[in-house]
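Asks: Provided herewith is a single structure, encoded as C-alpha cells, for subsequent inquiry.
The values are calculated or read from the model by the stated rules, or taken from the named source; none is laboratory data. Computed from a predicted model, the values in this text were never measured in an experiment. Here the Cβ positions follow ideal geometry from the backbone for every residue, glycine too, while neighbour counts run over all protein chains shown. Just so you know, the surface numbers come from the protein's heavy atoms only, side chains and all, with ligands and any DNA or RNA stripped out. Shrake-Rupley method; radii C 1.70, N 1.55, O 1.52, S 1.80 Å.
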Number of protein chains: 2
Amino acid sequence: MAKKNAFYAQSGGVTAVINASACGVLERARTHPEKIGKVLASKDGLFGLLREEFYDTSQEHPSQIAALRHTPGGAFGSSRYMLPRPEKEPVVWQRLGEVLRAHNVGYVFVNGGNGSMDTCMLLTRLEEVTGWPVQAIGVPKTIDNDLAMTDCSPGFGSTAKYLATSIREVSLDVDAMDESTKVFILEVMGRHAGWLTLACGLAAEDPGDGPHILLVPEVRFDEQRFLAKVRETVAQVGHCIIAVSEGLRDGEGRFYAEQQKSETYGFEQLGGAGPRLAELVRNELKMKCHCAVADYLQRAARHLASRTDVEQAYAVGRAAVGMALAGMTGVMPGIVRISDDPYVWRVDPVPLEGVADLEKLPPREFISEDGFSITAAARTYLSPLIAGEDYPPFHNGLPSFARLNYVMAEKKLPPFKI
Amino acid sequence: MAKKNAFYAQSGGVTAVINASACGVLERARTHPEKIGKVLASKDGLFGLLREEFYDTSQEHPSQIAALRHTPGGAFGSSRYMLPRPEKEPVVWQRLGEVLRAHNVGYVFVNGGNGSMDTCMLLTRLEEVTGWPVQAIGVPKTIDNDLAMTDCSPGFGSTAKYLATSIREVSLDVDAMDESTKVFILEVMGRHAGWLTLACGLAAEDPGDGPHILLVPEVRFDEQRFLAKVRETVAQVGHCIIAVSEGLRDGEGRFYAEQQKSETYGFEQLGGAGPRLAELVRNELKMKCHCAVADYLQRAARHLASRTDVEQAYAVGRAAVGMALAGMTGVMPGIVRISDDPYVWRVDPVPLEGVADLEKLPPREFISEDGFSITAAARTYLSPLIAGEDYPPFHNGLPSFARLNYVMAEKKLPPFKI
C-alpha cells in the first residue's frame, strides 16, 4: 500500500465531543507514518473539499491535538453542505477527484450524522466516477442519537447528561418556588427523534421527582390530555416539570412550534415548542410558567460531558483509521453493546448502506403507555450512556480549550465556484 | 443569655448555593447547644413563619446537612412573600410575635436579597411591637449581585461562571457553524442590574472571541446602533455572539421584552428580550440567528458552581450565627474584599439599613464606552468571583443531592389566615 494523505471533515451540527473523534483520528493516524502522510482537515465541512481549503494538521502540536479531546464545537469548522449524486452534478464530482488527487488523498473520513454518512457512501464511488480511488470511512456523530447500526451516536450521551442534570437541578429550584411558579418547561433539541427528551426522564428517581411530563415527536400531541396531566401533577406534587422536543407534532403531524423556513438549506429552523406550550399553560390553566430554551448550549456543554460518550467518540475516531489501514471502505465504526450493567461495548465496522439517510427512532416500548414518561427498558438503555464525568481543565474559572495553529495547506488548483 | 431556638428562612428566588448558606447556619448552630436549641427552618420562605410551618432540622443527619453544601434549589422552600410594615398590618405582627414566642425563638435568620433584608430589618422591631425580643440577622443571597455593602452576593459567582462558560462553549460551536448560523443570542436573568450579562464578557480573552456584544439594562438600547454592531462583527469575525439581560430597556426606559404582569406578586415576569432581538436580527439583517433562554437553569446549575461562591455562601451562613451569638441584631454578614489577586476576603457585619431595598448597580467604568463590552476594571472585579470548581458528587451519571427527612415541628397555635 503506497503512502497516501488523509482527509478529515466535520459535517453537520457539531457536538460537545466531535473534536474527541478528531483527536482519535489524528492521534492514530500519526502512529502510522509509513502509510498515512498528512491528515488534511477540511475547513467548514465539505465546503473545504470543493474549495480546496484544508488545514495541515501536521503543523499542530501533540498537546493541542490531545486538547481536542476536551474541546467542544468543531475545531475545523463544519457545515450542512452535502455532496450531490455524481449523476446530478458531474462538474462537482470532477472537482472532487481533482482536489483529492492533487493532494494525494487516499483516505477520506467524514465525521457526521446520517446525511453525512450518505455523502461518505457516495465517495466510495469516486474511482468509478473520476478514476481516483479513495477509501471512504464514516465517523458517527450526532446529538440526536438517530444513527442506525450503532448502539448510540457519539455526542448524544453528553447532551443527554447535561439535559438530565439540568432537569434534576431545576426541579429542586421549582420545588422551592412553587408557592408562585407552578410549571417549568425545558425545550430540547430533536427535530424528528425524541431521544434527548426521553433522556431527561433519567432525572426522576423517586415518585414526585421531575420531570413529570415528556413530550416527544413520536407521540402526537393532544392539548387537552396534556393540560389535564399538568393540572393533575400540580395538584399532586405542587408543580410540574416538563421537557419537550422542539419537533413536537400535533394531531395532524405538523410541527407544534411556529415554523421558519430556511431558504438556504431547505431545513426548517425550529424552536418555539417550549414558549408556545408556556403560553398554552398560562392561558388555559392561569398558572405561572417558566420556560428555558437550551438551544446550542446543550450540544456545546463540554463542561458536563459524559465520560462514556467522550471515550466512545475518541474510540470511533481511532477505529476509523484502523479500518482504513485494514483496507476497508464504505464502512463506519459502529458501537456494539455487549452488556448493559456493567456497560461493555466494542467497535465494529458496519456498512454505510445501513446507516446513510436512515433515522433510528426510539422504540415504542421505551415510552410509557400514556406517552408522558420513560419505561424501565429505556432507563436500562440510556443510563450507561450518561455515566461518568470528564471535566475539561479550568483556568481562571473558565474551561481551557485547544488552541490550534490553523496552518492552511497550499492550494494546488485554481478556484472553483460551488 | 438563655438558650433559645433559632428560625431560618430562605426568601426570594433561590440560587445554586443558598443551601450552602443553610449548611453554614445549621452546622455552626449545632456547635453551640448551650445557647442555640433547635434550628427551625421555615417552609416556603416567610409564609412558614405566619403559617407556623417549620421543619425541625434537629431531625436531620449531619451527612445530609453537609450535603446541602452541594445541593441547588432551596431545601426548605422559598417564596417572594415579604413582611408588611407593623403599622400597616398589626394583626400579622401580632401573629409573628405569637409564633416566635410559642417556639421560644430568639434568633431569626433571613437568607435573601434586598427585599428580604428589608423584612429582616423590620424584625428587629418585633420586641417594640409585640414584646417578644429576637435578634434578626440577614444572610445575603442573590444571583443578581445587587446587594449593597458586600463585595458580591452569594449566588452570583456560580451563575456568572455557568453563563461565562456556556458563552465560551457556544462560541466554539457557532464559530464552527458560521457558514449558516451567523448570530447567537443568550438571554440572561437580571431585571434591573446587568451584572450577570457583564460576567458573560469574561469568556472573551483574545480578539475575536465571543461574546461580541453585551446588552445591559444600564445602557439604553438603540436598535440601529445594535444592528450596525452586529453587521460589523459578522463581517469581521464571521459570526456574532450576544448576551442580553432580560431587563434590557429601550430609549424611553421601558422593558424591551414583552411584558407580562403577575397579578399575584406585583412583579413583571420578564422573558423575551432574547427572542425579540433574534426576530429583529432575522428581519433586519436576514441572518440565521439562534437564541437560548437559560431561565432557571442558570441559577440551578450547581454542577458548575464557583468554588469561591460556595465558600462565601457557606461562610456568610456560619458568620450569621456567629453574629447572633455575639449578641448582634439588624446586621448582615457582608463580604469585604481585601485584595483582587490573589482574591482575599473576610466577612464583617454590616447594618441592614445599608442594604434593605437598595440596589447596587455596576459602575459605569465597568462598561466600555460603546456600551457593548466590559472593561479591564470589570474583569479585575469579576474574575475572582467565578474562580475554582466545586463539583457535586455524581451517581449513575447524575448529581446526587441532599435528601432530608423533613420532619415538621409540632404546631402550638391555631391556624392563621394570611
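Asks: Do we have A:Thr197 as assigned to a loop (DSSP other than H, G, I, E, B), more than 14 Å from every other protein chain (Cβ to nearest Cβ) and of a type in the set (Val, Ile, Thr) here? Write out each step before concluding.
Replies: Working: assigned to a loop (DSSP other than H, G, I, E, B): no; more than 14 Å from every other protein chain (Cβ to nearest Cβ): yes; of a type in the set (Val, Ile, Thr): yes.
When the stated conditions are applied, A:Thr197 does not pass them.
Asks: Same structure, new question: From (1) open to solvent by 10 Å² or more (accessible area, probe 1.4 Å); (2) away from chain A (no Cβ under 11 Å), pick out the condition that doesn't hold for B:Met189.
Replies: (2)
Asks: Quick one: what pairs do we get from the stretch A:381-410, first residue within 19 Å of A:Leu68 (Cα to Cα) and more than 7 Å from chain B (Cβ to nearest Cβ), second part of a loop (DSSP other than H, G, I, E, B) and among the polar types (S, T, N, Q), C-beta under 8 Å, 6+ apart or different chains?
Replies: Short answer, once both residue conditions are applied: A:Pro392/A:Thr71; A:Pro392/A:Ser400; A:Pro393/A:Ser400; A:Ala402/A:Thr71.
Asks: Can I ask one more? Considering the stretch B:203-214 alone, what residues qualify as being open to solvent by less than 10 Å² (accessible area, probe 1.4 Å), touching a residue at least 40 places away in the same chain (Cβ under 8 Å) and of a type in the set (A, V, I, L, M)?
Replies: Within the stretch B:203-214, B:Ile213, B:Leu214 qualify.
Asks: Check A:Asp370 against each of (1) in contact (Cβ under 8 Å) with a residue 24 or more places away in the chain; (2) crowded, with 17+ Cβ neighbours inside 10 Å and name the one condition it does not meet.
Replies: Among (1) in contact (Cβ under 8 Å) with a residue 24 or more places away in the chain; (2) crowded, with 17+ Cβ neighbours inside 10 Å, the lone unmet condition for A:Asp370 is (2).
Asks: Looking only at the stretch B:275-334, count every residue that is within 10 Å of another protein chain (Cβ to nearest Cβ), assigned to a loop (DSSP other than H, G, I, E, B) and under 25 Å from B:Ala402 (Cβ atoms) and tell me the total.
Replies: Looking only at that region, the number is 4.
Asks: With respect to B:Val344, determine if the residue is at pLDDT 95 or above and farther than 23 Å from B:Gly74 by Cβ.
Replies: On the way: at pLDDT 95 or above: yes; farther than 23 Å from B:Gly74 by Cβ: yes.
When the stated conditions are applied, B:Val344 passes them.
Asks: Mind listing whichever residues of the stretch B:373-392 are open to solvent by 60 Å² or more (accessible area, probe 1.4 Å) and in contact with a strand residue (DSSP E or B) (Cβ under 9 Å, 6 or more places away or on another chain)?
Replies: Within the stretch B:373-392, B:Tyr391 is the sole residue that qualifies.
Asks: Let me ask you something else. Residue pairs, Cβ under 6 Å, 6 or more apart or interchain, first in the stretch A:67-78 and among the aromatic types (Phe, Trp, Tyr), second open to solvent by 10 Å² or more (accessible area, probe 1.4 Å). List them.
Replies: A:Phe76/A:Tyr55
Asks: Could you tell me which residue of the stretch B:151-185 is farthest from A:Lys43 (Cα to Cα), considering only residues that are facing chain A (nearest Cβ under 10 Å) and open to solvent by 10 Å² or more (accessible area, probe 1.4 Å)?
Replies: For the stretch B:151-185, the residue satisfying everything is B:Arg168.
Asks: A:Glu52 - would you say it is in contact with a Pro (Cβ under 9 Å, 6 or more places away or on another chain) and farther than 30 Å from A:Pro393 by Cβ?
Replies: Criteria met by A:Glu52.
Asks: Return yes when A:Thr308 is modelled with pLDDT of 95 or more, under 25 Å from A:Met82 (Cβ atoms), crowded, with 19+ Cβ neighbours inside 10 Å and among the hydroxyl-bearing types (Ser, Thr, Tyr) and no when it is not.
Replies: no
Asks: I'd like the residue in the stretch B:9-53 that is surrounded by fewer than 20 Cβ atoms within 10 Å (Cβ to Cβ), within 12 Å of chain A (Cβ to nearest Cβ) and among the charged types (D, E, K, R) and, out of all such residues, is nearest to B:Ala301 (Cα to Cα).
Replies: The residue in question is B:Glu53.
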